[in-house]
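Novice: Below you'll find the structure I mean.
Every number here is computed from the coordinates shown, using simple stated rules; none is lab data. The model shown is predicted, which means the values in this text are computed figures rather than measured ones. Here the Cβ is made from the backbone with ideal geometry for all residues, glycine too, and neighbour counts use every protein chain on show.
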Amino acid sequence: MTENRVREMETRDIPRVMEIERSSFATPWTEGMFRSQIGFKDETINLVLADGEELAAYAAAWIAYDEIHLLSIAVAPSRRRRGLGTEILREAIARGVARGAVRVILEVREGNAPARAFYEKHGFVEIGKRRRYYSDTGEDAIVMEYVCGF
């Protein structure tokens, strides 16, 4: 089995991150959004996971006070169902906890059953709904929370 490695996202990673992003989301982030995210090192967690020689996953989050706001996480389609999403999610949470976070908040499309199941499997619970949150479709977002340490 190839050893996976999670590390800080760097500017040089953006082309591969964009490939993963475009293959994972109907309305992907732009390259500029990732560049901006990387620029806010003190307020963010930006990780990539290398599966062998190739970047296979990424995670991007903000840290505000004692909360991690998970903004985006994705695994390359050809690398899914191998535990890589779990690995990078756990590392993002661990790094946030090391910086004082006690909970994680995220929004997920109401109709994205696989993502919702993934988060539920990892202890996230639904705490609310943001009506018409996604401007591309008007779809509602389900707000989920994970309390760190449980």
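Novice: Can you tell me, using C-alpha contacts under 8 Å and at least 6 residues apart, the relative contact order of segment 25-150 as a whole percent?
Specialist: Numbers: 203 pairs, mean separation 23.6, N = 126.
Over segment 25-150, the number comes to 19 percent.
Novice: What is the spin-label model distance, in nm, from Val102 to Lys121 if the labels are put 7 Å beyond Cα along the C-beta direction?
Specialist: Placing both labels 7 Å beyond Cα along the Cβ direction yields 3.0 nm.
Novice: Still on this structure, I have one more. At what distance in angstrom do the alpha carbon centres of segment 111-150 and segment 59-76 lie from each other?
Specialist: Segment 111-150 and segment 59-76 have Cα centres separated by 13 Å.
Novice: A follow-up question, please. What distance in nm lies between label points placed 7 Å from Cα along the C-beta direction at Phe25 and Ser78?
Specialist: 2.3 nm
Novice: Kindly put Ser36, Ser135 in sequence by how many other C-beta atoms sit within 10 Å of each C-beta, fewest to most.
Specialist: On the way: Ser36 12, Ser135 8.
The most exposed by this proxy come first: Ser135, Ser36.
Novice: Here's something else I'd like to know. I need the per residue convex hull volume for the chain, using only the alpha carbons, in cubic angstrom as a whole number. Intermediate results must be reported in sequence, preceding the final value.
Specialist: Numbers: hull volume 17.0 nm³, N = 150.
Per-residue hull volume (Cα only) is 113 Å³.
Novice: What list of whole percents do you get for P(r) of segment 5-58, with Cα-Cα distances grouped in 5 Å bins up to the one holding the largest distance?
Specialist: In order of increasing distance, the bins hold 4, 20, 31, 26, 15, 4 percent.
Novice: If you don't mind, another one. For segment 29-99, what class follows from the C-alpha gyration tensor (a ≥ b ≥ c being the square roots of its eigenvalues): rounded when a/c is under 1.5, otherwise prolate if a/b is larger than b/c, else oblate? Kindly include the intermediate steps, with their values, before the conclusion.
Specialist: Values: a/c = 2.23, a/b = 1.40, b/c = 1.60.
Verdict is oblate for segment 29-99.
Novice: Give me a comma-separated list of calculated 3J(HN,Hα) values for segment 101-110, in order, Karplus coefficients 6.51, -1.76, 1.60 applied at θ = phi - 60°, integers in Hz, x for any Gly or Pro.
Specialist: Ordered by residue, 3J(HN,Hα) equals 6, 10, 8, 10, 10, 8, 10, 9, 4, 4 Hz.
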